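K.L.:
Attaching a single structure in structure tokens format; questions to follow.
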Number of protein chains: 2
Amino acid sequence: MKQLIVKMGLAKTEIFTEDQNQIALFAKVFGHPARVAILQHLFKIDTCVCGDLVTEIKLAQPTISQHLKELKLLGLIKGNVEGTRVCYCIDSENWTTMKEVMFQFLNQDILEKQGCC
Amino acid sequence: MKQLIVKMGLAKTEIFTEDQNQIALFAKVFGHPARVAILQHLFKIDTCVCGDLVTEIKLAQPTISQHLKELKLLGLIKGNVEGTRVCYCIDSENWTTMKEVMFQFLNQDILEKQGCC
DNA sequence: ATTATTAATCGTAATATTGCAATGAAACAA
DNA sequence: TTGTTTCATTGCAATATTACGATTAATAAT
């Protein structure tokens, strides 16, 4: 009667390649419409966003703050303290790096299939 | 004493645009390394994959089956029954559509910022 | 008919994510 | 100092995700 310790509800990252985990990490952060909306707003606005996000997106301030934290953790955005305000903007260098990783994944060529499909 | 019914642990998709929800849906499915690995394998192999996936990826058969289901639900892969086996392959048409949506999001131009960042 | 193979489904447990009220911290304004 | 603004953090509840054992369903092989 073996005692098996199995982690569940948790991605087994150790059985995948660095590349696969990297892609999944980036994709995961885009996997919520609020974070997509935040990033789109940061791109749209000509300057850094200082607090507009809570009025722009109809979510409570702690919720927005949490999403910003995740984007910052991945390095996709930067935050600058300006008095009582914090200004956020895209980290262009890291965004480009992320883009290269995602493009390589999404742009895989579809070979001619033989048979079933 | 107001009775507030608040949904939690659930994305409030209704406050976002179709586009934002669409991007998030696609990204979400790539947000797990197993699904990334499955897709990469489907691209790599010259023909349809019939059951190799469980030996290729070190996860239990029901787990792989579940991931395949999600990929199929989004239309990114197709499954053909072949006797006792099921052959999977990329749905190239839908993959291209997805790519266009994701590219438009990822390829946003970074404007020159004034000031803080 | 019986058995083997393959993959889907069900049930369940562990963990993660989402969201917000309440609170805290830091800078500014009076 | 005392308030005000702005954002982060904490704590918690609801829901989602991940994983797998057990089972089922369908076909193939004997």
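K.L.:
Take the conditions outside any helix (DSSP H, G or I) and more than 29 Å from A:Asn94 (Cα to Cα) and apply them to B:Leu59. Does it pass?
P.N.:
On the way: outside any helix (DSSP H, G or I): yes; more than 29 Å from A:Asn94 (Cα to Cα): yes.
Taking the combined requirement at face value, the residue satisfies it.
K.L.:
From the list A:Val86, A:Val81, A:Val49, which one is surrounded by fewer than 13 Cβ atoms within 10 Å (Cβ to Cβ), over 13 Å from the mean Cα position of the chain (by Cα), within 15 Å of DNA strand D (Cβ to nearest atom) and hydrophobic (A, V, I, L, M, F, W, C)?
P.N.:
Working: A:Val86 fails: surrounded by fewer than 13 Cβ atoms within 10 Å (Cβ to Cβ); A:Val49 fails: surrounded by fewer than 13 Cβ atoms within 10 Å (Cβ to Cβ).
Criteria check complete, one pass: A:Val81.
K.L.:
Turning to a different aspect of this structure: Here are some conditions: (1) in contact with a Lys or Arg (Cβ under 6 Å, 6 or more places away or on another chain); (2) within 13 Å of DNA strand D (Cβ to nearest atom). B:Lys58 meets all but one. Which one does it not meet?
P.N.:
Going through the list (1) in contact with a Lys or Arg (Cβ under 6 Å, 6 or more places away or on another chain); (2) within 13 Å of DNA strand D (Cβ to nearest atom), B:Lys58 breaks only (1).
K.L.:
Charged (D, E, K, R), within 10 Å of another protein chain (Cβ to nearest Cβ), under 26 Å from B:Leu39 (Cα atoms) and away from DNA strand D (no atom under 15 Å from the Cβ): which single residue out of A:Lys44, A:Lys99 fits that description?
P.N.:
Numbers: A:Lys44 fails: under 26 Å from B:Leu39 (Cα atoms).
The match here is A:Lys99.
K.L.:
Here is a follow-up. Which of the residues belonging to region A:48-94 are in contact with a strand residue (DSSP E or B) (Cβ under 6 Å, 6 or more places away or on another chain) and of a type in the set (Gly, Ala, Ser)?
P.N.:
Scanning region A:48-94 gives A:Gly51, A:Gly79.
K.L.:
Also, quick follow-up: If we keep just the residues of region A:62-94 that are over 20 Å from B:Thr13 (Cβ atoms) and near DNA strand C (Cβ under 10 Å from one of its atoms), which is farthest from the other protein chains (Cβ to nearest Cβ)?
P.N.:
Residues of region A:62-94 that are over 20 Å from B:Thr13 (Cβ atoms), as a first pass: A:65, A:69, A:72-94.
Those left that are additionally near DNA strand C (Cβ under 10 Å from one of its atoms): A:65, A:81-85.
Details: A:Ser65: 16, A:Val81: 9, A:Glu82: 6, A:Gly83: 11, A:Thr84: 14, A:Arg85: 9 Å.
In this case the residue turns out to be A:Ser65.
K.L.:
If you don't mind, another one. Among the listed residues A:Leu25, A:Leu39, identify the single one that is open to solvent by less than 50 Å² (accessible area, probe 1.4 Å), within 11 Å of chain B (Cβ to nearest Cβ) and within 20 Å of B:Ile23 (Cβ to Cβ). Step through it out loud before you land on a result.
P.N.:
Values: A:Leu25 fails: open to solvent by less than 50 Å² (accessible area, probe 1.4 Å).
Residue meeting the stated conditions: A:Leu39.
The values are calculated or read from the model by the stated rules, or taken from the named source; none is laboratory data. Computed from a prediction, not measured in an experiment: that's the story for all the values here. A quick note on method: Cβ atoms are made from the backbone with ideal geometry, for glycine too, and the neighbour counts reach across all protein chains shown. The area values use the complete protein model at the heavy-atom level, side chains included, leaving out ligands, DNA and RNA. Shrake-Rupley method; radii C 1.70, N 1.55, O 1.52, S 1.80 Å.
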